[in-house]
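The values are calculated or read from the model by the stated rules, or taken from the named source; none is laboratory data. Predicted, not measured: the structure shown is a model, and the values here were computed from it. Cβ sites come from the backbone with ideal geometry, for glycine too, and all protein chains shown count toward neighbours. To get the accessible areas, we keep the full protein, side chains included, count just its heavy atoms, and leave off ligands, DNA and RNA. Shrake-Rupley method; radii C 1.70, N 1.55, O 1.52, S 1.80 Å.
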Amino acid sequence: YPDKPMTRGYFVQVFDDAVENGLTKISTNSNGDTGSANKPVDRAELKGLIDQGQRLMGSKDYEGAIRLFNQVIEYDRNYLEAYRMRGISALLIYDQNPQMEGQKLYTAQFNFDLLINRGSSNPDDYHLRGMVFERQRKREKAIGDFRTALKMDPNHQAAKESLKKLGVTP
């Protein structure tokens, strides 16, 4: 148990880590921090982990990629690209096996929600969350996110195609 009361935000971080890594990998020190003693010291090392994760994604090892993105987030909770890549990996796992991997949609949504709630100006984050909503059969939310992506970038081809797929004029 932490030495101080657990805030809602800290609880969400611990819970997300537990879901992604299993409860045995979560350890809390007396400061209430989760983390590793072997933290990279600079952004170049974190970027290296992101690059490794993207290579794993390219070879369809999405679970391995998620583990690397989790490491980046563990080291730097503000490294937003790690959340984006983790969300994409979770979405790809779901797409490979929707019946067995339904929980990955919630993982993907959590990551895209986090990016958007932190003020993302990347239209891809809205488009990707829209894809999650579409798979969750939340059509109106999906359409809203696809339209937001198009407002941010009127030439966002993927958002145009997603709207057309839903029978909506871009």
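Is it the case that some residue within segment 151-164 is closer than 22 Å to Ala65 by Cβ, open to solvent by less than 60 Å² (accessible area, probe 1.4 Å) and part of a helix (DSSP H, G or I)?
Restricting attention to segment 151-164, the residues satisfying the condition of being closer than 22 Å to Ala65 by Cβ are 158.
Add one more test, that the residue is open to solvent by less than 60 Å² (accessible area, probe 1.4 Å), and what stays is 158.
Filter again for part of a helix (DSSP H, G or I), leaving 158.
The answer is yes; a qualifying residue exists.
Within segment 39-50, is even one residue touching a Ser or Thr at 6+ places or on another chain (Cβ under 7 Å) and at pLDDT below 60? Let's see the steps before the verdict.
Narrowing segment 39-50 to residues touching a Ser or Thr at 6+ places or on another chain (Cβ under 7 Å): none.
No, because not a single residue in segment 39-50 is touching a Ser or Thr at 6+ places or on another chain (Cβ under 7 Å) and at pLDDT below 60.
Could you tell me which residue of segment 60-107 is nearest to the chain's Cα centre (by Cα), considering only residues that are polar (S, T, N, Q) and not in a helix (DSSP H, G or I)? Outline the logic, then answer.
Taking segment 60-107 and keeping what is polar (S, T, N, Q), we get 70-71, 78, 89, 96-97, 99, 103, 107.
From what's left, not in a helix (DSSP H, G or I): 78, 97, 99.
Numbers: Asn78: 13, Asn97: 18, Gln99: 20 Å.
Among them, the one singled out is Asn78.
When segment 79-95 is examined, which residues are found to be open to solvent by 30 Å² or more (accessible area, probe 1.4 Å) and within 11 Å of Met57 (Cβ to Cβ)?
Passing the criteria: Ile88, Leu92.
Mind checking whether some residue in segment 131-139 is loosely packed, with under 15 Cβ neighbours inside 10 Å, in contact (Cβ under 8 Å) with a residue 12 or more places away in the chain and over 16 Å from the mean Cα position of the chain (by Cα)? Don't jump to the end; show me each part of the working.
Here is the first cut: in segment 131-139, the residues loosely packed, with under 15 Cβ neighbours inside 10 Å are 137, 139.
After this cut, where a residue has to be in contact (Cβ under 8 Å) with a residue 12 or more places away in the chain as well, the list is 139.
Keeping just the survivors that are over 16 Å from the mean Cα position of the chain (by Cα) gives 139.
Yes - at least one qualifying residue is present in segment 131-139.
How about segment 121-149: which of its residues are in a loop (DSSP other than H, G, I, E, B) and within 18 Å of Glu81 (Cβ to Cβ)? Spell out the reasoning first.
Step one: list which residues in segment 121-149 are in a loop (DSSP other than H, G, I, E, B), which gives 121-122, 136-138.
Passing the criteria: Ser121, Asn122.
Among the residues of segment 63-78, which ones are open to solvent by 20 Å² or more (accessible area, probe 1.4 Å) and not acidic (Asp, Glu)? Let's see the steps before the verdict.
Looking only at segment 63-78, we keep the residues that are open to solvent by 20 Å² or more (accessible area, probe 1.4 Å), and these are 63, 67-68, 71, 74-78.
Answer for segment 63-78, where residues must be open to solvent by 20 Å² or more (accessible area, probe 1.4 Å) and not acidic (Asp, Glu): Arg67, Leu68, Gln71, Tyr75, Arg77, Asn78.
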